[in-house]
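Okay, so here's the structure we're looking at.
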Amino acid sequence: MTSLERRHAVKWVEESLVFEAPIGRQVATPHSSAHIGSSFSKRTYWFSLACLWFFFIFFLGRIMYLQIVQGQEFRAIAEGNRERIVPILAERGRIFDRMNRPLTNNVPNFSLALIPQNLPRNQAEKEKLVKRLAGLIQRDENTIWQILEEYGAYSFESIIVEGNIPYETALLTEIEAADLPGISIERGSKRQYLAPTLLGIVLATTTESLAHIVGYEGKLSRTELDTFYADGYLPSDSIGKSGIEKSYESYLRGAYGKKRVEVNAYGREQQVLAETPPTPGYHLMLAIDAAVQQQLEELLRASLAANQKERAVAIALDPRSGEVVALVSLPTFNNNDFSGGITQEKYTKYVENPDQPLFNRAISGMYPSGSTVKPAIAAAALQSGVITAKSSFLSTGGLSVGIWFFPDWLAGGHGTTNVVKALAESVNTFFYYIGGGYHSFQGLGVVRIVQFLEQFGFGSHTGIDMPGENAGFLPTEAWKQKTKNEPWYIGDTYNLSIGQGDFLATPLQIANMTAAVANGGTLYQPHIVRSILNPMTNAITPVTPTIIRDGFIDPDHIEIIQLGMRQCVTSGSCRRLNTLPIAVAGKTGTAQWHSERPTHAWFTSFAPYNDPELVLTILIEEGGEGSRAAVPVAEDFYRWWTNYKNSL
């Protein structure tokens, strides 16, 4: 052993042994043995063993619980990751006019959609996917992120990112997005609104006034989705937004089918495992005659152009049932602009137009009625016994009450006037008398006037089967005191008696009042839809006419009102209609609404006089006198309608 080895050996021995006694026999004891023997007691041993058994039994029990008790549930979840229930869209019901002319169609449509649940969980991967998707559809990335955030609560549903994709673009996009999880091209249909045809001939390049009637459908907003999700609507769905599309949504929509499919890791369909077919929506047959609608639209447009005006309404009703044969509100819009989603540019153009083309004046516009309400006032006076058919008053140009003067439209007056002449020549003085009274003669008074106008449907909704109807307005003494802090004056009653002041009516209310006069005293609820067709069974359910009120005016009194309106044509303010091939009865109206703007021009009528089939009401905003602006439109229409009716 070398000296170096001896030194190392000594060093090792000294560091590895412990000499317990400084003298005598030395016994080496390793440190580790002494440590273990002193720290790991039996108590610690049994405690550790118990812990091991506890954890063993716990995990064994947990495994048994998951496998046996909840095995079926987790198996279903696992299957759910492999299988999906996919809705099958139902074909939306179509809309036809009363002559079975199609007004709508459903055309194939492609949309790019995503299912948030199938997108990558990793944020970086998701950002890459969104960036690539934005490039495919030429959209801003922030827009896609906003969609994901807005519809985050509907993570298992298809969310439309881009709609109305052309077929070629859809095909290319589907190929490009084949490796993008959660992204797909949805195949559906889009609403198309048609120009009506007769015997295969297009009646016009467009009948845009039908847009207010038919309305349009569009994509669900988030608020609508939250409301209708429980009813089976999906984020990718469309819903009726206005017109008949909205009010008959439950009929048109149909019932979705379902198919159970197997999907891959990208959420793409691999095979169909089971399928339940959808049920198509019901078809609607309207009371609207598209030919009548088109003719009224053309005549109104010509009148507006000639008088340099922009806004007008025309309504044609069947007084025998309340069916709306035509309803024109100008200006109007193209509902195809809204189908499938409107561009911001087009929408801004519509809403910023001062003439409000999206506003349906026929049912929502509220106007002073002018003299068109006089038939109702005359009927109220006859029914209340305030006057008889023989009662007459002297018209000398108006009435004076204190410092106030209430004029007739004819300087010098109309002479001795009874109710028939008052209606024929629209004599204000006669209606001042029967409305508010004068000197010793007691008129109806505001309370009874309001009560009878309510009977004729003023101040309340007619109940037409379209959204957005206004109720008009009937002023009362209590209302004026509360709103204007003024008492009700006799002049207020005079104004109400001739359709002026604070009284407001919709064109539909005037038309419905006229229909009640034409049919002998029955107030019907106007309706657009005539019947409903089940496409599966071809069963047709007609819409039964609904009577709002009848018997509130005696037939004898109605006949007197009818005669006064007939004499308006034969010798009164609308006598230019006397050359028509059919007998027409009517009432003109000129309504003041602004001290510095032209008056509204009204005309309401029915024909034929002896057996009324049609009520026609026309309003031209700021058109001036009713006899000059509105009556010529009615003349041209009735001449056309006579020939059209005979050709059917």
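The values are calculated or read from the model by the stated rules, or taken from the named source; none is laboratory data. All values derive from a computational prediction rather than experimental measurement. Backbone-built Cβ (ideal geometry, glycine too); neighbour counts: all protein chains shown. The protein model used for the area step is the full one, side chains on, heavy atoms only, and it has no ligands, DNA or RNA in it. Shrake-Rupley method; radii C 1.70, N 1.55, O 1.52, S 1.80 Å.
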Using the 2.2 N^0.38 Å rule of thumb for compact globular proteins, work out how segment 123-178 stacks up: its C-alpha Rg over that value, please.
1.16
Taking Cα atoms only, helix 445-455 is inclined relative to the longest principal axis of the chain by an angle, in degrees rounded to 10, of 60 degrees
Of the accessible area of segment 385-532, with the probe set at 1.4 angstrom, what percent is carbon plus sulfur?
54 percent
Within the set 246/587; 349/484; 190/259; 587/645; 190/309; 374/480, which residue pairs have Cα atoms separated by over 31 Å?
246/587; 349/484; 190/309
Find the all-direction average of the projected area of the Cα convex hull for segment 424-478, expressing the result in square nanometres with one decimal place.
5.7 nm²
Which of the peptides 100-110, 570-580 is most tightly packed, and how do the rest follow, going by the mean number of other Cβ atoms within 10 Å of each residue?
570-580, 100-110
Let me have the relative contact order for the chain, percent, based on Cα pairs under 8 Å that are six or more residues apart.
13 percent
What does the charge count near residue 605 come to, summing +1 for each Lys or Arg and -1 for each Asp or Glu among other residues with Cβ under 11 Å from its Cβ?
+1
According to the Kirkwood expression over distinct Cα-Cα pairs, how big is the hydrodynamic radius of segment 270-349, in Å?
16.5 Å
On Cα atoms only, tilt of 290-307 relative to the major axis of the chain in degrees
70 degrees
C-alpha long axis of helix 42-64 to longest principal axis of the chain, angle in °:
40 degrees
Quick one: pull the percentage of alpha-carbon pairs in the chain with a separation above 33 Å.
60 percent
For segment 550-616, build the charge dipole from Cβ charges (+1 Lys, Arg; -1 Asp, Glu) around the Cα centre, then report which of 616, 568, 593 sits farthest towards its positive end.
593
Taking a probe of 1.4 Å, how large is the accessible area per residue of segment 255-400, in Å²?
40 Å²
What's the long-distance tail for segment 398-501, i.e. % of Cα pairs beyond 23 Å?
35 percent
As a check on your grasp of the helix formula, calculate [θ] at 222 nm for the chain: sum -39500 (n - 2.57) over DSSP H runs of n ≥ 4, divide by the residue count, round to the nearest 500.
-11500 deg cm²/dmol
Label point distance in nm, residue 125-residue 223, each placed 7 Å from Cα along Cα→Cβ:
3.9 nm
